[in-house]
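The values are calculated or read from the model by the stated rules, or taken from the named source; none is laboratory data. The shown structure was predicted, so the numbers you read here are calculated from the model rather than taken from an experiment. For neighbour counting, all protein chains shown are included, and Cβ atoms are generated from backbone atoms with ideal geometry for every residue, glycine included.
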Amino acid sequence: MASQERQGKRQRLFVALDLPDKIRDGLTAWGEGELIDPGLRPVRPESLHVTLVFLGHREADEAAAIVEAVRNLSAPPVLMKLEDPISLPRRRRAAVFALPAPSPATTDLHHGLVDKMVTAGLHEDDGRDFWPHVTVARVRQEGRRPRRPTAVTRRPGDLPDPLKEPFYAVRLTLYRSELQPGGARYVPLAQVELS
Ligand code: ATP
Ligand code: MG
């Protein structure tokens, strides 16, 4: 897949809400103190986001149509808030740490976006429940076949109160995700200011 991506044939795409700089900076400062277990791979500050729709690998022509569709979107600012970190999967060794981001406006935006994409023939709804969240760290893998997440003993502590205040997401971005051993890089392809 990686070589296909390099040849420009298929692109791994997702639409996300970007966080205001103030929130990103706050999360970065929090992470410097809390995402310190050596088994953790913190998400880069510039990569912090709330995924709205994961579109998966797409051919170049489909990707071009998706870019066009996202450029033509409009939506109001989205009120959201963050909660203390939890690990996933539940009841098994942590593989990911994420901040739940419960927000009716985000859920509405997700459904509206899915409807538009499905109607335009650009997406198939997988029917799964939408769970808005910000992934803050992934757990490194250990062993080989079966690989499993390394044990995290220093789990991230709670967020400071100011980071749990509601805020507005101000931008929606279509990203291309370039998978790399050290963590994916996200390249913005289209952006919509929410106003
Ligand atoms: P890596 O998978 O290498 O750890 P990543 O998860 O940052 O990197 P992607 O897998 O490309 O990069 O995911 C991009 C975004 O889409 C992330 O927010 C991820 O949580 C989300 N995502 C990935 N796969 C799915 C899926 N099947 N359903 C819903 N969201 C997904
Ligand atoms: Mg992933």
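Would it be correct to say that Ala169 is touching a Ser or Thr at 6+ places or on another chain (Cβ under 8 Å), small (Gly, Ala, Ser) and either over 30 Å from Ala63 (Cα atoms) or surrounded by 17 or more Cβ atoms within 10 Å (Cβ to Cβ) (or both)?
Answer is yes for this residue.
Does Thr153 fit the bill of being among the β-branched types (Val, Ile, Thr), more than 16 Å from ligand 2 (Cβ to nearest atom) and surrounded by 11 or more Cβ atoms within 10 Å (Cβ to Cβ)? No, not satisfied. The set of residues in segment 151-182 that are within 16 Å of ligand 1 (Cβ to nearest atom) and out of contact with any Lys or Arg (no Cβ under 6 Å at 6 or more places or on another chain) comprises Val152, Ala169, Arg171, Leu172, Thr173, Leu174, Tyr175, Arg176, Leu179, Gln180, Pro181, Gly182.
If we scan segment 106-116, do we find a residue that is closer than 29 Å to Asp25 by Cα and basic (Lys, Arg)? No, segment 106-116 has no match at all. Of the residues Glu32, Glu46, the single one that is within 21 Å of Arg140 (Cβ to Cβ), away from ligand 1 (no atom under 16 Å from the Cβ) and in a helix (DSSP H, G or I) is Glu32. Note on segment 108-145: residues that are surrounded by fewer than 12 Cβ atoms within 10 Å (Cβ to Cβ) and either within 16 Å of ligand 2 (Cβ to nearest atom) or under 27 Å from Pro77 (Cβ atoms) (or both) total 5. Considering only residues in segment 184-195 that are surrounded by 13 or more Cβ atoms within 10 Å (Cβ to Cβ) and not in a strand (DSSP E or B), the one that is nearest to ligand 1 (Cβ to nearest atom) turns out to be Ala184. Of everything listed in (1) more than 24 Å from Met80 (Cα to Cα); (2) at pLDDT below 95; (3) among the polar types (S, T, N, Q), the single unmet condition for Thr153 is (2). Arg148 meets each of the listed conditions (1) within 16 Å of ligand 1 (Cβ to nearest atom); (2) at pLDDT below 95; (3) within 20 Å of the chain's Cα centre (by Cα) apart from (3).
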